[in-house]
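The structure appears below as structure tokens.
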Protein chains: 2
Amino acid sequence: VSEGAVHAYIDAGMDRFRRELYDFLRIPSVSADPAHARDVRRAAEWCRDHVRALGMDARLEETDGHPLVIAEWRGAGAAAATVVVYGHYDVQPPDPVAAWTTPPFEPELRDGRIHGRGAVDDKGQVFMHLKAIEAHLAATGALPANVVLVLEGEEEVGSAGLIAYLRDHGARIGADAVVISDTALWQGGIPAIVASLRGTLYAELTIRRGGGELHSGTWGGAVLNPANELAGVLGSFHDRDARVAVAGFYDGIDEAPELLARVRRTPLDRAGFEREAGTRAIGGERGRSILERLWLRPTLDIHGIESGYTGPGPKTVLPARATAKFSCRLVAGQCPDRIARLLERHVRARVDARFDVSFRVLASAPPWQADPGAPLLAAVAPLLKRHLGRDAVFVGDGGTIGVVPVLASTVAAPILLLGFGLPGSNEHAPDEWLSNALFERGIHVLADLLARIPRHGSSR
Amino acid sequence: VSEGAVHAYIDAGMDRFRRELYDFLRIPSVSADPAHARDVRRAAEWCRDHVRALGMDARLEETDGHPLVIAEWRGAGAAAATVVVYGHYDVQPPDPVAAWTTPPFEPELRDGRIHGRGAVDDKGQVFMHLKAIEAHLAATGALPANVVLVLEGEEEVGSAGLIAYLRDHGARIGADAVVISDTALWQGGIPAIVASLRGTLYAELTIRRGGGELHSGTWGGAVLNPANELAGVLGSFHDRDARVAVAGFYDGIDEAPELLARVRRTPLDRAGFEREAGTRAIGGERGRSILERLWLRPTLDIHGIESGYTGPGPKTVLPARATAKFSCRLVAGQCPDRIARLLERHVRARVDARFDVSFRVLASAPPWQADPGAPLLAAVAPLLKRHLGRDAVFVGDGGTIGVVPVLASTVAAPILLLGFGLPGSNEHAPDEWLSNALFERGIHVLADLLARIPRHGSSR
């Protein structure tokens, strides 16, 4: 009976929900742009005030950057489960603004899509959680679980404030589950639960010769060339099977057989994949499928190379320095610090000692892998079937969400990554959108999920 | 008696010679800068008028670019030798002008050096030939050889006009020798005759994936990365002995044993070499000395690489394209067209067929090597000993002077590269200078040389 009332409340409220979401989306909370610092704070205050109005305790938690919004409702009691809902209220810059069909911060419903910066990443999905909470509180006067909302304003710029907060306070939350809606359904609109994220180790290598640029006729052949040297080093990163040729790189990888089996069962529309990538240059590690390469296998990709003369025409210069940026995506069992050491050793062993070598780590985050047998993941599957009409698949995500492994290690609870975007939602591009149908159905899913959070472990 | 009169004339005229040279140097004949096109023509006209006043037939020969100055004196008769004196009246841009001690086009004598743009490269050295010619004509009424002056205004921008002219008219000049003063003495002021120039084959390689830049988390591992691919190709250019690992690259190299022996006898001040290079990263092909590497051995040097993101900090982008510029310096026996084919084959064999590959040749010139037994080279050695007080060495030049092999193949006469610069003359840099002492003594050398040009071959 009470569940029916919750769903009825949601159905009755959708028009108002959309209007409220538009208010949220109108705030240009671009965390990367200092000119928008006050807007970012305004968005935090909007969240705080909105959840207070729902009946939660809410406060801003200051950080060295943008504030966190922490809201709690503990009325379900010690016997009930406690769920952390994490999301972010900051958004990507809207550039190039001219490429938007309608202005990025003037949301509108068009062709069944809610358009606007942040519609899917992540304000829209945060707001769906707020409405699921509201529906329970308004229809029944209570939540079926204790809820802790943790919203940050720095997800698009590295989550430094949240990570520091979690290291200090994460363990004290005492959560049974963490739910995050900041991802997407699978190709063709199949509901998807993210079972793994890759980590990252991003480094910059600079090789300097000493002195300035030299004429390649006068000096070439007798003066060492840092561009030749860099090419030699970068060219040694892979073998002919497109495997990473850094000694020890694959050691310790912990590929869960059940995850591998699930990935192998995930259907892939190859033509659709090429269309989304915009290229037919699809390939990678020998003997692995596309989805294994994306989700379960580590990489070493060069992001940028710069050396010498790159203008038009010929210029006969011997460069004085050569720089490359590259990163590894890491999978379960790979430690970023260890990979950094292996990479640096590989590089230094190959660069002539007469060069000056700088190897700097610019970013680092461990991988994350769900326990595919966790009750939390089992609990959500029938809800997705019920409200979205299709069986969910377990997918990986080749990218890195730095805060997820931090949540896993500090809050120490199973994590559910359950998102309502769709492939092609333009989440970092012009014309970002969220499906209006998934906005509605997702709130129903999340409302049901609140009533089905399993307790975690026996120690509590 | 007449030779004494020639030298006396030179000694008596030096103050005036310097003033005239300054007039020449004041003309900013920067061939690379269209804004100076009229100045370049003015310098050509200055040369034409100056040699006319000496008593030579002189004319401008129009080209698609800046004009040639062609001047002839054929009064020595059919039994006498005919010498082509080649030089250029255009100069390098003076930038950065603020780095000059005195303005680039306001020449002055300071600390025994004639300062000014073009002082050594090449107006000053061209002018030395003019004064050697003047001395003979003024002191004796005649030249000891037939002389054809060929001065161009495009040496600093590729010599296209002269090369076209030589292909049409070079063979008809009927010369016994070509003398070029556009080089320098060896370290420590040892007189030097250039016995070889390297050729060049300059290419640009671009590897494109199709589509735009992609997120390395979302796509990395399953989408081919052109930066990885370029690094692999460039990294395959050399083996561990720093030899070029392109199949067939060294085939056909014709290393004259006498030249090699001469290079091995050439003294090298290692510390001075490092000082001039501004670096201690000296190295190269295994088993070869520095001078062999510079003068007698071919190279493959990368001049520039550009791909992806090269700004500050990490950006997780999979580049859509990667480009490199590189060139080979070539030695006797290596044909630029053949090397281009070998390089392109090497590249295409290594790049995955799913990429789009562009391989373009941007510049090309064959190497040149003197016949070390040529009577012309033997004729000059005692003159250098007499006027400069030291035995000359044969040196190579690692660079390329594109017009030299064209002169060799069209005029078809031995070529003497005899220059009066000194190491560190700043010929393409601020504060370019020519030693005043070498300016004076060099005119004596060139005046004597005119009287000692050997006839070439027996066919004439």
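Of B:420, B:355, B:439, which residue is surrounded by 17 or more Cβ atoms within 10 Å (Cβ to Cβ), touching a Lys or Arg at 6+ places or on another chain (Cβ under 9 Å) and farther than 27 Å from residue B:133 by Cα?
Values: B:420 fails: farther than 27 Å from residue B:133 by Cα; B:439 fails: farther than 27 Å from residue B:133 by Cα.
None of the others qualify; the one that does is B:355.
Comparison of A:116, A:87 shows that the only residue that is in contact (Cβ under 8 Å) with a residue 60 or more places away in the chain, on the phi > 0 side of the Ramachandran plot and touching a helix residue (DSSP H, G or I) at 6+ places or on another chain (Cβ under 8 Å) is A:116.
Applying the set (1) more than 30 Å from residue B:390 (Cβ to Cβ); (2) out of contact with any Pro (no Cβ under 7 Å at 6 or more places or on another chain) to residue B:336 leaves exactly one unmet item: (2). Taking the listed residues A:233, A:263, the one that is within 30 Å of residue B:398 (Cα to Cα), buried (at least 21 other Cβ atoms within 10 Å of the Cβ) and touching a residue at least 40 places away in the same chain (Cβ under 8 Å) is A:233, with no other qualifying.
Counting only residues that are touching a residue at least 12 places away in the same chain (Cβ under 8 Å) and within 23 Å of the chain's Cα centre (by Cα), region B:27-59 holds 14 of them. Can you find even one residue in region A:164-187 that is within 14 Å of another protein chain (Cβ to nearest Cβ), in contact with a helix residue (DSSP H, G or I) (Cβ under 8 Å, 6 or more places away or on another chain) and either under 29 Å from residue A:33 (Cβ atoms) or modelled with pLDDT of 95 or more (or both)? Looking through region A:164-187, at least one residue is within 14 Å of another protein chain (Cβ to nearest Cβ), in contact with a helix residue (DSSP H, G or I) (Cβ under 8 Å, 6 or more places away or on another chain) and either under 29 Å from residue A:33 (Cβ atoms) or modelled with pLDDT of 95 or more (or both).
Yes or no: region A:254-268 includes at least one residue that is acidic (Asp, Glu), modelled with pLDDT of 90 or more and over 22 Å from the mean Cα position of the chain (by Cα).
Checked against the condition, which is being acidic (Asp, Glu), modelled with pLDDT of 90 or more and over 22 Å from the mean Cα position of the chain (by Cα), region A:254-268 yields no hits at all.
Tell me, which residue of region B:357-406 that is β-branched (Val, Ile, Thr) and over 21 Å from residue B:439 (Cα atoms) is farthest from the other protein chains (Cβ to nearest Cβ)? Among those residues, the one meeting the criterion is B:406. Report, by residue number, each residue of region B:101-130 that is buried (at least 16 other Cβ atoms within 10 Å of the Cβ) and assigned to a loop (DSSP other than H, G, I, E, B). Once the filter is applied, which keeps residues that are buried (at least 16 other Cβ atoms within 10 Å of the Cβ) and assigned to a loop (DSSP other than H, G, I, E, B), region B:101-130 yields B:104, B:105, B:107, B:116, B:117, B:118, B:119, B:120, B:121, B:122.
Here are some residues: B:199, B:210, B:221, B:232. Which one is at positive phi, within 11 Å of another protein chain (Cβ to nearest Cβ), touching a strand residue (DSSP E or B) at 6+ places or on another chain (Cβ under 8 Å) and at pLDDT 95 or above? Lay out the reasoning, then the answer.
On the way: B:199 fails: at positive phi; B:210 fails: at pLDDT 95 or above; B:232 fails: at positive phi.
That would be B:221, the only listed residue that is at positive phi, within 11 Å of another protein chain (Cβ to nearest Cβ), touching a strand residue (DSSP E or B) at 6+ places or on another chain (Cβ under 8 Å) and at pLDDT 95 or above.
Restricting region B:377-430 to residues that are among the β-branched types (Val, Ile, Thr) and within 16 Å of the chain's Cα centre (by Cα), the residue that is farthest from residue B:161 (Cα to Cα) is B:395. If you check A:451, A:447 for being small (Gly, Ala, Ser), over 23 Å from residue A:197 (Cβ atoms), out of contact with any strand residue (DSSP E or B) (no Cβ under 9 Å at 6 or more places or on another chain) and surrounded by fewer than 24 Cβ atoms within 10 Å (Cβ to Cβ), only one passes: A:451.
Being within 30 Å of residue B:321 (Cβ to Cβ), of a type in the set (D, E, K, R) and surrounded by 22 or more Cβ atoms within 10 Å (Cβ to Cβ) is the filter here, so list the residues in region B:168-206 that pass it.
Keep residues of region B:168-206 that are within 30 Å of residue B:321 (Cβ to Cβ), which gives B:199-206.
Checking which are of a type in the set (D, E, K, R) leaves us with B:204.
None - no residue of region B:168-206 is within 30 Å of residue B:321 (Cβ to Cβ), of a type in the set (D, E, K, R) and surrounded by 22 or more Cβ atoms within 10 Å (Cβ to Cβ), so the list stays empty.
Listed here are the residues, each with its yes/no results for (1) under 21 Å from the mean Cα position of the chain (by Cα); (2) assigned to a loop (DSSP other than H, G, I, E, B).
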residue: A:132; (1), (2): no, no
residue: A:135; (1), (2): no, no
residue: A:169; (1), (2): no, no
residue: A:179; (1), (2): yes, no
residue: A:200; (1), (2): yes, no
residue: A:207; (1), (2): no, no
residue: A:218; (1), (2): no, no
residue: A:228; (1), (2): no, no
residue: A:240; (1), (2): no, yes
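Does residue A:32 meet the test of being surrounded by fewer than 23 Cβ atoms within 10 Å (Cβ to Cβ), in a helix (DSSP H, G or I) and not charged (D, E, K, R)?
Details: surrounded by fewer than 23 Cβ atoms within 10 Å (Cβ to Cβ): yes; in a helix (DSSP H, G or I): no; not charged (D, E, K, R): yes.
In short, no.
For region B:330-428, the helices (runs of 4 or more DSSP H) that sit wholly inside it and include 3 or more residues that are in contact (Cβ under 8 Å) with a residue 12 or more places away in the chain and under 30 Å from residue B:442 (Cβ atoms) are B:375-388, B:403-410.
Is it true that residue A:21 is in contact (Cβ under 8 Å) with a residue 12 or more places away in the chain and in a strand (DSSP E or B)?
Numbers: in contact (Cβ under 8 Å) with a residue 12 or more places away in the chain: yes; in a strand (DSSP E or B): no.
So residue A:21 does not fit the description; no.
Among the residues of region B:190-221, those that are touching a residue at least 12 places away in the same chain (Cβ under 8 Å) and under 22 Å from residue A:202 (Cα atoms) comprise B:212, B:213, B:214, B:215, B:216, B:217, B:219, B:220. Just wondering, is there one or more residues in region B:270-290 that are more than 9 Å from chain A (Cβ to nearest Cβ), at pLDDT 95 or above, in contact with a Pro (Cβ under 7 Å, 6 or more places away or on another chain) and surrounded by fewer than 21 Cβ atoms within 10 Å (Cβ to Cβ)? No, the conditions are met nowhere in region B:270-290.
Identify all residues within region B:295-318 that are facing another protein chain (nearest Cβ under 7 Å) and part of a loop (DSSP other than H, G, I, E, B); write none if there are none. Walk me through how you get there before you give the answer.
Of all residues in region B:295-318, those facing another protein chain (nearest Cβ under 7 Å) come to B:297, B:299, B:301-310, B:313-318.
Matches in region B:295-318: B:297, B:299, B:309, B:310, B:313, B:314, B:315, B:316.
Filtered by the rule that a residue be farther than 22 Å from residue B:200 by Cβ, part of a helix (DSSP H, G or I) and of a type in the set (Gly, Ala, Ser), region B:266-294 gives B:271, B:272. Here residue A:369 clears all of (1) farther than 30 Å from residue A:100 by Cβ; (2) modelled with pLDDT of 95 or more; (3) of a type outside the set (Asp, Glu); (4) within 20 Å of the chain's Cα centre (by Cα) except the condition numbered (2). With respect to the conditions (1) more than 8 Å from every other protein chain (Cβ to nearest Cβ); (2) over 22 Å from the mean Cα position of the chain (by Cα); (3) farther than 20 Å from residue A:307 by Cα, residue B:354 falls short on a single one, namely (1).
Checking A:246, A:263 one by one, the residue that is more than 9 Å from chain B (Cβ to nearest Cβ), in a loop (DSSP other than H, G, I, E, B) and touching a helix residue (DSSP H, G or I) at 6+ places or on another chain (Cβ under 6 Å) is A:246 and no other.
Considering region A:84-97, and only residues there that are within 20 Å of the chain's Cα centre (by Cα) and hydrophobic (A, V, I, L, M, F, W, C), the residue that is nearest to residue A:158 (Cα to Cα) turns out to be A:91. Selection of region A:80-94 for residues being at pLDDT 95 or above and surrounded by fewer than 22 Cβ atoms within 10 Å (Cβ to Cβ) yields only A:80.
Considering only residues that are buried (at least 17 other Cβ atoms within 10 Å of the Cβ) and either within 14 Å of chain B (Cβ to nearest Cβ) or part of a loop (DSSP other than H, G, I, E, B) (or both), which ones fall in region A:249-260?
In the first step, residues of region A:249-260 are kept if they are buried (at least 17 other Cβ atoms within 10 Å of the Cβ); the result is A:249, A:256, A:259.
Within region A:249-260, A:249, A:256 qualify.
The values are calculated or read from the model by the stated rules, or taken from the named source; none is laboratory data. Just so it is clear, the structure is predicted and the values come from calculations on it, not from any experiment. Neighbour counts run over all protein chains shown; Cβ positions are idealised from the backbone, glycine included.
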